[in-house]
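> There's a structure below that I have some questions on.
The values are calculated or read from the model by the stated rules, or taken from the named source; none is laboratory data. Quick caveat, the model's predicted, so the values are computed rather than measured. Neighbour counts run over all protein chains shown; Cβ positions are idealised from the backbone, glycine included. These accessible areas exclude ligands, DNA and RNA; they are computed on the full protein's heavy atoms, side chains included. Shrake-Rupley method; radii C 1.70, N 1.55, O 1.52, S 1.80 Å.
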Protein chains: 2
Amino acid sequence: MAGVRLRDVAERAGVSIRTVSNAVNGYAPVSDEVRARVEAAVAELGYKPNLMARNFKRGRTGLITLVVPELDVPYFSELARAVITKARAHGYTVVVDQTDGEPDRERELVMRDSAAAAMFDGVILSPLALTHADLARRGADQPLVLLGERIAESAYDHVAIDNVAAARTATEHLLDLGRRRIAAVGDQPWESGETAQLRTRGYRDAHEARGLAVEESLIVTTRRFHLASGAEAMAALLEHPQGPPDAVFCYNDLVALGAIRTLLTNGVRIPEDIAVVGFDDIEAGRYNTPTLTTISPDKTAIAQLAVDRLIARLDKEDETAPAELWAPYELVVRESTVAPV
Amino acid sequence: MAGVRLRDVAERAGVSIRTVSNAVNGYAPVSDEVRARVEAAVAELGYKPNLMARNFKRGRTGLITLVVPELDVPYFSELARAVITKARAHGYTVVVDQTDGEPDRERELVMRDSAAAAMFDGVILSPLALTHADLARRGADQPLVLLGERIAESAYDHVAIDNVAAARTATEHLLDLGRRRIAAVGDQPWESGETAQLRTRGYRDAHEARGLAVEESLIVTTRRFHLASGAEAMAALLEHPQGPPDAVFCYNDLVALGAIRTLLTNGVRIPEDIAVVGFDDIEAGRYNTPTLTTISPDKTAIAQLAVDRLIARLDKEDETAPAELWAPYELVVRESTVAPV
DNA sequence: CTGAAAGCGCTTACAG
DNA sequence: CTGAAAGCGCTTACAG
């Protein structure tokens, strides 16, 4: 059955290659009678189009790549799921690439001059290490949509939630509960730490808006956003010279779950002694004990906005200037801040 | 810069297209002097090979697809990560496709007659709905490696752990702790439930080997292996007519974590009142409170075995009969069965 | 609505 | 070690 070409079908159906191509692709109007003959020939011969030839000729693969730091971090796997589903609805196939935070790997996939990137019609990137300077050197022939706020105000479309406002909302929730010594875990005051810095900004804003001073030693830096980072940071906070905080705002849910682990093993009651808020709303937080209060970014909306925009660029349907696209988020209050009645 | 072809480079370097191709691909021996001229021309012109043309001509894309039910289930995202990493080391790119357990979607990707599958050089599939009958109708021209024990003894290579032995190990651990009313959560006594059935087999074997009767009503069926399934099943077990069990063997970690959630909200002590064992060793179980005792399949080994075999088939290096490839596993004892001292 | 034909940019026998 | 040329299987102006 292999090796059946368009021309074999054409011969069998007694029409030209052109007509078979039209019929198979549903392009130009083909008379019903001819279409039926072609379809019969396709079925008899077991013809399947050679996608590599088609891609080659069309100059497109129908492939887009989603580049994320780590696929097994729940936030990214949940996001990847949504992107794959949305892209499929448009007829595109998604290749998920993980960079492990390696700057070179990230550049390789995004910079059009690398062979690795050449197979993809477009790129959706959640950058970790890439800089504005890198992007400035990028050829503009392959559409790129950025995710998150690592790189804002570039020459590319950019989907994010308002991290400052979201972090402020999370912090205000703790302040509303009467907490006054709120730790912030996950600050990253270095070049690639823009997202974390925005969350720290929101944390500060919440305090400033109420005339409350921020206790600088309660802002804890973590290199990564993993369970282990949260567990370690929390252990350090429990040893704080002025005593442990009465609440913790963690910059993602993994950090929060790691922190909770440390608290529980130390006999600290949550939320009575220390309340905990996370960020991302991963599924694990909904079944943890205590369940985790968190900022829930609308991942489906993020995926939808990113895919729609990328495809609009691919199809040249949208040639407006690159824009910031904002996805909604909400605070989900659970047991880690408000004990069940 | 775009549109630079091999022939442009050839003209610039004053050699034939053939020679440029050889130099670029590092194929045949090219004299150092000529190579230098070609490389200079490549650099000056900014030449990048057209991968679609190359794929077309070679009849290969360098793409393999990993088909899993759900990408945001931790076991699969952790596995996907490993497969992507291993495949990249061989120069292959992985497309992760999720089927959401839809049989048609699974068939579409695996059956060679669909257009969707035509772009991939090979397939690694963790089947959920596909049957032996489906596979029997599959063309043999595209290598396929199966993951897990859903479909054993087919005409394809097959990577798995020994589920019967692993489940038996898990159950024996609980028996060794003196537990006698051990529930099994996750049985799936229907066609696509082979993996679950093997685990039930191991659970029974452990009892039989010690001359202990299995209390049939303690074997609980769940349609899926999610957190919610475990939470619901555990709630039902707490209402068991003969009283709750004194231990639970859950068929994956999500089910176990869901069960733990139900136990903790009902004031049940773990492991004192009820001990819990999971299966998969996902990261969340290592930071849960209590940490989760579980069967840990060596996911890296699974990925390595699957990728190595697939590529050996692709390269025709391995034309032996399809085989069962066994990956190691181990029981990891944590707080959910043995309280910390 | 359909046909005959060019050409996408590579790889690779065939010669030398 | 290198050249001239065929051909992979499509899509698509160009005609009619």
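> Any idea which residue in the range A:101-131 is surrounded by the fewest Cβ atoms within 10 Å (Cβ to Cβ), counting only those that are facing another protein chain (nearest Cβ under 8 Å) and modelled with pLDDT of 80 or more?
The qualifying residue surrounded by the fewest Cβ atoms within 10 Å (Cβ to Cβ) is A:Ala118.
> Let me ask you something else. Among (1) of a type outside the set (Lys, Arg); (2) at the interface with chain B (Cβ under 9 Å from one of its Cβ atoms); (3) touching a residue at least 12 places away in the same chain (Cβ under 8 Å), there is one condition A:Asp72 misses while meeting the rest; what is its number?
A:Asp72 satisfies every listed condition except (3).
> Taking A:Glu319, is it assigned by TED's automatic domain parsing to the domain that holds A:Glu172 and among the acidic types (Asp, Glu)?
Considered against the rule, which asks whether it is assigned by TED's automatic domain parsing to the domain that holds A:Glu172 and among the acidic types (Asp, Glu), A:Glu319 comes out as no.
> Sort out which residues of the range B:1-14 are free of Cβ contacts under 8 Å to residues at least 40 places away in the same chain and either within 14 Å of chain A (Cβ to nearest Cβ) or near DNA strand C (Cβ under 7 Å from one of its atoms) (or both), and write them in order of number.
B:Ala2, B:Gly3, B:Arg7
> I would also like to ask the following. So if I check each of B:Asn266, B:Asn288, which one is open to solvent by 10 Å² or more (accessible area, probe 1.4 Å), closer than 19 Å to A:Asp72 by Cβ and more than 22 Å from the chain's Cα centre (by Cα)?
B:Asn288
> Hey, does the range B:170-189 have a residue that's within 21 Å of the chain's Cα centre (by Cα), crowded, with 16+ Cβ neighbours inside 10 Å and among the basic types (Lys, Arg)?
No, that holds for no residue.
> Does the range A:98-109 contain at least one residue that is hydroxyl-bearing (Ser, Thr, Tyr), assigned to a loop (DSSP other than H, G, I, E, B) and either within 27 Å of B:Phe56 (Cα to Cα) or within 12 Å of DNA strand C (Cβ to nearest atom) (or both)?
no
> Could you give me the residue pairs with C-beta distances under 7 Å whose first residue belongs to the range B:15-31 and is under 15 Å from B:Tyr47 (Cα atoms) and more than 14 Å from every other protein chain (Cβ to nearest Cβ), whose second residue is at pLDDT below 80 and more than 6 Å from DNA strand D (Cβ to nearest atom) wherever it lies, and which are 6+ apart or on separate chains?
Close Cβ pairs satisfying both conditions: none exist.
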